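Reading through the structure tokens given below for one structure.
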Amino acid sequence: MRWEGEVDVRQFGVRIPASSANLGSGFDCLGIALGIYLDLEVKIDDSAPPRVELDGVEHADPTHSASAILRGFAAMGWGKSIPGSLVLRSRSDIPRARGLGSSGAAILAGAAAWQMLSESEIDEERLLQVATEVEGHGDNVTPSLYGGFTVLVREDSALVYARIDPPEELRAVVAVPDFEVSTRKAREVLSERIDFDDAVDALGRAAMVTAVMATGELAKLRTALDDSLHEPYRAALVPGLCKVKRAAVEAGAWGASLSGAGPSVLALTNADRSDDVARAMTEAWRQLDISSQALLLDIDRAGLQVVEV
């Protein structure tokens, strides 16, 4: 997490990066932060009566809001009196329902805003716990909070995470198709039982992703990102998944995987190969009459930022 300047808790900003989770077989535990962001501006207006306004819409009780930002806000302990009108303005470049952690980023933004308003600081451990509870899984929340590559596991009611700075040369190409896949549907298609040999294979590949991030042996990502745990079941929801992944690798990517619940596909590559990988991925979908856009992104290493506005 990064702070910029002396932050006035009556007017500040929160910036949250997108994330790509799972990374092959690292289902619900591995994630990486991506350089595309949600920005939330927070301001207390002393001249107006107490209320909460998000993007021009007043919310008398944020606990009943469907907004992910306000769900994160309320989950931190809504009830503290605000001396004036709380005005929130959000802007997000993170595509929604595309497997890039948009809801996790929004929940984090709201929760972090409330911590700053009520405590004038960020309690990272509590923020991780609360945002994960609201989101339902923390594989997106963790990299968005801490930046870089993260591993998250549960131990009873506690969350234990580890963070690694990925190799400096690593870049991401995300091919985002023009259709959505809901996380609920993506979970419904998963198998309730996994063959023991398949489980061992998935464990090895998830561990290999982590080892690659630590050692920089990027050539091993092609093997590490080849998944048998969840992608085969979700392929029916993402037409062309295998074709797009193959196109990315053939164009020079180190490896590729379904991003989160999909339908976006993440390719990890070097900067000098990014353009070729992007063209190959979007062309693979074009051949299936599916339009898409490619995002060429840095790996975000800062995570959540509280900034002056």
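The values are calculated or read from the model by the stated rules, or taken from the named source; none is laboratory data. Keep in mind that this is a model prediction, so the values were computed, not measured. Heads up, the Cβs are rebuilt from the backbone with ideal geometry, glycines too, and the neighbour counts pull from every protein chain shown. Please note that ligands, DNA and RNA were not included when accessible areas were found on the heavy atoms of the full protein model with its side chains. Shrake-Rupley method; radii C 1.70, N 1.55, O 1.52, S 1.80 Å.
Within region 188-198, none of the residues are under 27 Å from Arg71 (Cβ atoms), of a type in the set (Phe, Trp, Tyr) and at pLDDT below 95.
Kindly check whether there is at least one residue in region 208-218 that is without any contact (Cβ under 8 Å) to a residue 60 or more places away in the chain, within 30 Å of Leu86 (Cβ to Cβ), open to solvent by 50 Å² or more (accessible area, probe 1.4 Å) and part of a loop (DSSP other than H, G, I, E, B). No, region 208-218 contains no residue that is without any contact (Cβ under 8 Å) to a residue 60 or more places away in the chain, within 30 Å of Leu86 (Cβ to Cβ), open to solvent by 50 Å² or more (accessible area, probe 1.4 Å) and part of a loop (DSSP other than H, G, I, E, B). Restricting attention to region 116-144 and to residues that are among the polar types (S, T, N, Q), part of a helix (DSSP H, G or I) and at pLDDT 90 or above, the residue that is most open to solvent (accessible area, probe 1.4 Å) turns out to be Gln129. Remark: pairs (first residue in region 63-87, at pLDDT 70 or above and open to solvent by less than 80 Å² (accessible area, probe 1.4 Å); second residue small (Gly, Ala, Ser) and assigned to a loop (DSSP other than H, G, I, E, B); Cβ separation under 7 Å; 6+ apart in sequence or on different chains) = Gly84/Ala48; Ser85/Ala48.
The single condition among (1) under 20 Å from Glu231 (Cα atoms); (2) crowded, with 19+ Cβ neighbours inside 10 Å that Leu304 does not meet is (1). Within region 146-186, being modelled with pLDDT under 95, surrounded by fewer than 20 Cβ atoms within 10 Å (Cβ to Cβ) and closer than 29 Å to Trp285 by Cα holds for Asp178, Phe179, Glu180, Ser182, Thr183, Arg184, Lys185. Taking the listed residues Val200, Val181, Val176, Val189, the one that is free of Cβ contacts under 8 Å to residues at least 24 places away in the same chain and either more than 21 Å from the chain's Cα centre (by Cα) or farther than 19 Å from Leu152 by Cα (or both) is Val200, with no other qualifying. Considering only residues in region 2-51 that are of a type in the set (Lys, Arg) and surrounded by fewer than 17 Cβ atoms within 10 Å (Cβ to Cβ), the one that is modelled with the highest pLDDT turns out to be Arg10.
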